[in-house]
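The values are calculated or read from the model by the stated rules, or taken from the named source; none is laboratory data. Everything numeric here is computed off the predicted structure, so don't read it as measured data. FYI the Cβ positions are ideal-geometry reconstructions off the backbone, even for glycines, and counts take in every protein chain you see.
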Amino acid sequence: MSEPVLFIVIPCYNEEEVLPETSKRILDKLMRMVKAGSVSDQSRVVFVDDGSRDKTWSLIEAYGAEDEHFNGVKLAHNRGHQNALFCGLMHSLGQCDCVVSMDADLQDDIEVLDQFVEKYKEGCEVVYGVRKARTTDTFFKRSTALAYYRFVGALGTQIVYNHADYRLLGSRALQALSEYREVNLFLRGIVPDIGYKTDVVYYDRGERFAGESKYPLKKMISFALEGITSFSVKPLELIMKLGMTITVLSVLALIYALVALLAGLPAVNAFAVGGSIFLSCGLVLDALGIIAIYVGKIYQETKDRPRFRIEKTVPEVPDSQKVKDKE
Ligand code: UDP
Ligand code: MG
């Protein structure tokens, strides 16, 4: 087998502070891999500019002009990490044998790229990068992450523990991924759904090289919710189970109240009555809220809007040849 063509897809949102270092290190790594004969010289680094407002795109253009191993894709506006990453993967489809996705901030250790490629050569279509320890995370992030993985697992979404979006996909897995059309993208949940031979590579996740996290708490929470509601209807089943339990308990309480009335025991006090009205209102609204999340998703999915739109690429290609979503 000749050396595989490897594409490395890196979504970037306002990453002018890290890109000079990231591009230098990643090109150096890629060239070492080419020299060692592990990947083809046709391999590329694909930066996807997710509608940045800083100098990110002009840097990417400059890298592309300097070295043919750099490609760039500029999205027409900010579509979020998952969509930008998906766009980069679809851009690579058909041009490479395998693709590795990673973040721009050098948190993912690029030295394990060799192990990814080795596993690919052994026949794996999906290789997950799994972080060894979460020593660089705050206590808060570490414990919420653990609770989240447990919770999501219990609700039936398959996700790989301690794996973010650092992973290799072979061309068959990439082709399979292109067949998923949902606009509410949660790649960590979709990839395990693809199947094929899978393996894991362990790595140490470092600190962000420079700049700030582009995932504030608010985005993290909505991303976490996405992981549950995109893959599982268990919350809807739980509503029904909760409803049934409360109904049974209420019937028992009513029987008790009736017996108490007939036996001339003291009546139920007003505080308990008021409390239970508020409690049931709250529960009904919670249930409606959960249903509303799913209804909102159905609304978005039925519109079937494109997940990304490409404005420009490096090297420049005519509009007709640019990847379009859902074709
Ligand atoms: N990112 C993106 N679009 C966004 C937000 C983030 O493409 O709207 C990219 C960002 O440039 C980085 C990756 O997604 O390459 C992960 O973001 P970040 O490192 O800020 O997240 P964290 O590691 O803090 O979870
Ligand atoms: Mg990061």
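Do we find that Gly211 is surrounded by 13 or more Cβ atoms within 10 Å (Cβ to Cβ), within 16 Å of ligand 2 (Cβ to nearest atom), touching a residue at least 60 places away in the same chain (Cβ under 8 Å) and closer than 27 Å to Asn78 by Cα in this structure? The answer is yes for Gly211. Residues that are farther than 23 Å from Leu89 by Cα and not small (Gly, Ala, Ser) were ranked within the stretch 149-170; the one that is surrounded by the most Cβ atoms within 10 Å (Cβ to Cβ) is Val152. As a summary of the residue check, Lys326 satisfies the conditions (1) modelled with pLDDT of 90 or more; (2) over 30 Å from Lys141 (Cβ atoms); (3) among the basic types (Lys, Arg); (4) out of contact with any strand residue (DSSP E or B) (no Cβ under 8 Å at 6 or more places or on another chain) except for the one numbered (1).
Name every residue in the stretch 250-304 that is charged (D, E, K, R) and surrounded by fewer than 10 Cβ atoms within 10 Å (Cβ to Cβ), in order of residue number. Walk me through how you get there before you give the answer.
Going residue by residue through the stretch 250-304, those that are charged (D, E, K, R) are 286, 297, 301, 303-304.
Matches in the stretch 250-304: Lys303 only.
Cβ-Cβ contacts under 8 Å between residues 6 or more apart (or on different chains), taken from a first residue in the stretch 78-107 that is closer than 18 Å to Tyr128 by Cα to a second residue that is crowded, with 22+ Cβ neighbours inside 10 Å and basic (Lys, Arg), are listed as Val100/Arg167; Ser101/Arg167. Using the structure shown, decide if Glu237 is at pLDDT 90 or above, more than 27 Å from Lys326 (Cβ to Cβ) and surrounded by fewer than 17 Cβ atoms within 10 Å (Cβ to Cβ). The answer is yes for Glu237.
Kindly evaluate Ser178 against the criterion of being within 16 Å of ligand 2 (Cβ to nearest atom), within 17 Å of the chain's Cα centre (by Cα) and not basic (Lys, Arg).
Details: within 16 Å of ligand 2 (Cβ to nearest atom): no; within 17 Å of the chain's Cα centre (by Cα): yes; not basic (Lys, Arg): yes.
In short, no.
Beta carbons closer than 6 Å, at least 6 apart along the sequence or on distinct chains, pair a first residue in the stretch 298-317 that is more than 18 Å from Phe186 (Cβ to Cβ) with a second that is hydrophobic (A, V, I, L, M, F, W, C) for Arg309/Ala76; Ile310/Val73; Glu311/Ala76; Thr313/Val73.
Looking only at the stretch 36-70, filter to residues that are within 16 Å of ligand 2 (Cβ to nearest atom) and polar (S, T, N, Q); which one of those is nearest to Cys96 (Cα to Cα)?
So the first thing to find is which residues in the stretch 36-70 are within 16 Å of ligand 2 (Cβ to nearest atom), and the list is 47-48, 50, 52, 56.
Still in the running and polar (S, T, N, Q): 52, 56.
Numbers: Ser52: 26, Thr56: 25 Å.
Out of the qualifying residues, it is Thr56.
Within the stretch 15-41, the set of residues being farther than 16 Å from Tyr63 by Cα and of a type in the set (S, T, N, Q) comprises Ser38, Ser40.
Evaluated against (1) buried (at least 21 other Cβ atoms within 10 Å of the Cβ); (2) among the polar types (S, T, N, Q); (3) farther than 13 Å from Val45 by Cα, Gln115 falls short on exactly one condition, (1). Only one of (1) surrounded by fewer than 17 Cβ atoms within 10 Å (Cβ to Cβ); (2) under 21 Å from Ala210 (Cβ atoms); (3) of a type in the set (D, E, K, R) fails for Glu61. Which number is that? Unmet for Glu61, out of (1) surrounded by fewer than 17 Cβ atoms within 10 Å (Cβ to Cβ); (2) under 21 Å from Ala210 (Cβ atoms); (3) of a type in the set (D, E, K, R): (1). Among the residues of the stretch 97-112, the ones that are crowded, with 24+ Cβ neighbours inside 10 Å and more than 18 Å from the chain's Cα centre (by Cα) come to 1 in all.
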